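Colleague: I have a structure here, written as structure tokens, and I will follow up with some questions on it.
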Amino acid sequence: ADHYRVEPYVVAADIYSVAPHDGRGGWTWYTGAAGWMYRAGVEGILGLRRTGGRVDLKPCLPADWPGVTLKLRLDDAEYDIQILRGGPGALSSCTLDDHVVNVSDGAMSWAIATGEHVIRWTMAAAG
């Protein structure tokens, strides 16, 4: 933010090269790049995708993240999701409303259901 003199939560479409504004970012609120950054986070890192009445979750968390917690609202449903990275030797375990959910190839899927729900996922240890 200090270097480009723009908000740290937006994506600049331009970096000016003419004095006195050289190095400064511009067109931060007019670019569609923010939508792509949102998709990178939600779909790329969290691995969250909705297809019709189903949700797929295949997280790809950075190695130094111990986990992530999110609230997901879809139609008349609300999901409290917590994904934790397992310690050495940990196996993957996942529950949806205290019922065991199958995790296959690092992904889980569920049908959207009305009401409040809780998902707890401990990811298998890396390696």
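Quick note: the coordinates plus some simple rules give every number you see, no bench work behind them. This one's a predicted model, so the numbers in the text were calculated from it and none came from an experiment. FYI the Cβ positions are ideal-geometry reconstructions off the backbone, even for glycines, and counts take in every protein chain you see.
Colleague: Applying 1/(1 + (r/R0)^6) with R0 = 41 Å to the Cβ-Cβ distance of Arg24 and Asp75, what FRET efficiency is obtained, to the nearest 0.05? Numbers along the way, then the final one.
Modeller: On the way: r = 43 Å, r/R0 = 1.04.
Working from the Cβ atoms, E equals 0.45.
Colleague: Relative contact order for the range 52-123: what is it in percent, counting Cα pairs under 8 Å that are at least 6 residues apart? Display every interim value, and only then the final one.
Modeller: Numbers: 128 pairs, mean separation 29.8, N = 72.
Answer for the range 52-123 is 41 percent.
Colleague: Once every DSSP H run of n ≥ 4 in the chain is given -39500 (n - 2.57) and the sum is divided by its residues, what mean residue ellipticity at 222 nm do you get, rounded to the nearest 500 deg cm²/dmol?
Modeller: -1500 deg cm²/dmol
Colleague: Given 37 °C and 0.692 mPa s, compute D for the range 52-123 with the Stokes-Einstein relation, Rh being the Kirkwood radius over Cα pairs; round to the nearest whole µm²/s.
Modeller: 257
Colleague: Sticking with this one: Which net charge results when you count Lys and Arg as +1 and Asp and Glu as -1 among the other residues whose beta-carbon is under 14 Å from that of Ser92? Before the final figure, lay out the partial values.
Modeller: Working: positive: Lys58, Arg85, Arg120; negative: Asp105.
Neighbourhood net charge equals +2.
Colleague: Return an integer: the convex hull volume of the alpha-carbon atoms of the chain, in Å³ per residue. Let's see the in-between values first.
Modeller: Details: hull volume 18.0 nm³, N = 127.
Roughly 142 Å³ of hull volume per residue.
Colleague: Here's a follow-up. Find how many whole Å separate the alpha carbon centroid of the range 82-119 from the alpha carbon centroid of the range 1-59.
Modeller: Cα centroid of the range 1-59 versus Cα centroid of the range 82-119: 29 Å apart.
Colleague: Counting other beta carbons within 10 Å of each Cβ, put Met123, Met37 in order, fewest first.
Modeller: Starting with the residue having the fewest Cβ neighbours, the order is Met37, Met123.
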